[in-house]
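What follows is one structure encoded as structure tokens, with my remarks underneath.
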Amino acid sequence: MTKPASSAAYVVVAVVLILASSASATPLQSASTLLACTAAQLSLSFDSEGGNFDGMSQSGTLLVLRNIGSQTCTVPGSPALIFEDASHTKLPISLETPPGMHPGPVILPVAVPANAEATGELHWVSGEVYDNSQCFSPAFVAISIGTNVLRAPFTGHLCAPSGQDAKYRFAYLKRDPVYVRSKS
């Protein structure tokens, strides 16, 4: 009679061996061995996806960083965003840090192949739901890339309690669409 625990162990070992033998012998190039993108290699835009993020005093958009260069390069997985008015003055809008996440998780750079995109969802409170709400309608969002700044028009409306920064939530960038390395 076979013991169930030992049968389960044999199954686990068999699955691990099958997966190991089917893994590609050629490792993918690590994001840490690639050069960082320059501002000239990237375009920044926002996509509201037809209002997909809107509802119940909440709003959002998809941040899109496109590699318009000819080489794969990396971008920070969680870039610092600066919300600006029409004269490029920084507005009091900051990233909301999840409770218990100080200093926060390590978010690795994202490798973005030529003509591919890295995207990330932004969410914020868009309605005047606070006592004495203050709201901001930034004209631009800027991201520092090396020593240069990438800037794009922005149409969101972010609200906060009076005397506080408006907050936005942003988890991280991911490659979009999923890039599949060609076998060469």
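The values are calculated or read from the model by the stated rules, or taken from the named source; none is laboratory data. Computed from a prediction, not measured in an experiment: that's the story for all the values here. A quick note on method: Cβ atoms are made from the backbone with ideal geometry, for glycine too, and the neighbour counts reach across all protein chains shown.
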**Fill in**
Ser137 meets each of (1) without any contact (Cβ under 8 Å) to a residue 60 or more places away in the chain; (2) out of contact with any His (no Cβ under 6 Å at 6 or more places or on another chain) with one exception, condition (2)
**Item:** Ala36, sole failed condition from (1) at pLDDT 85 or above; (2) touching a Pro at 6+ places or on another chain (Cβ under 9 Å); (3) of a type in the set (A, V, I, L, M, F, W, C); (4) surrounded by 14 or more Cβ atoms within 10 Å (Cβ to Cβ)
**Value:** (4)
**Prompt:** Is it true that some residue in the stretch 124-132 is surrounded by fewer than 17 Cβ atoms within 10 Å (Cβ to Cβ) and either under 21 Å from Glu84 (Cα atoms) or at pLDDT 95 or above (or both)?
**Reply:** yes
**Exclusive hit being buried (at least 19 other Cβ atoms within 10 Å of the Cβ), modelled with pLDDT of 95 or more and more than 23 Å from Asn115 (Cβ to Cβ), set Phe53, Phe83** = Phe83
**Message:** Among the numbered criteria (1) surrounded by 11 or more Cβ atoms within 10 Å (Cβ to Cβ); (2) among the hydrophobic types (A, V, I, L, M, F, W, C); (3) modelled with pLDDT under 70, which one does Ala111 miss?
**Reply:** (3)
**Asked** Of the residues that make up the stretch 71-92, is at least one among the aliphatic types (A, V, I, L, M), out of contact with any strand residue (DSSP E or B) (no Cβ under 6 Å at 6 or more places or on another chain) and without any contact (Cβ under 8 Å) to a residue 40 or more places away in the chain?
**Response** no
**Complete:** Just one listed residue, out of Phe170, Phe154, Phe140, is in contact with a strand residue (DSSP E or B) (Cβ under 8 Å, 6 or more places away or on another chain) and either among the charged types (D, E, K, R) or at pLDDT below 95 (or both), and it is Phe170
**Complete:** Only one of (1) within 13 Å of the chain's Cα centre (by Cα); (2) closer than 15 Å to Arg169 by Cβ; (3) not in a strand (DSSP E or B) does not apply to Thr61, and that is (3)
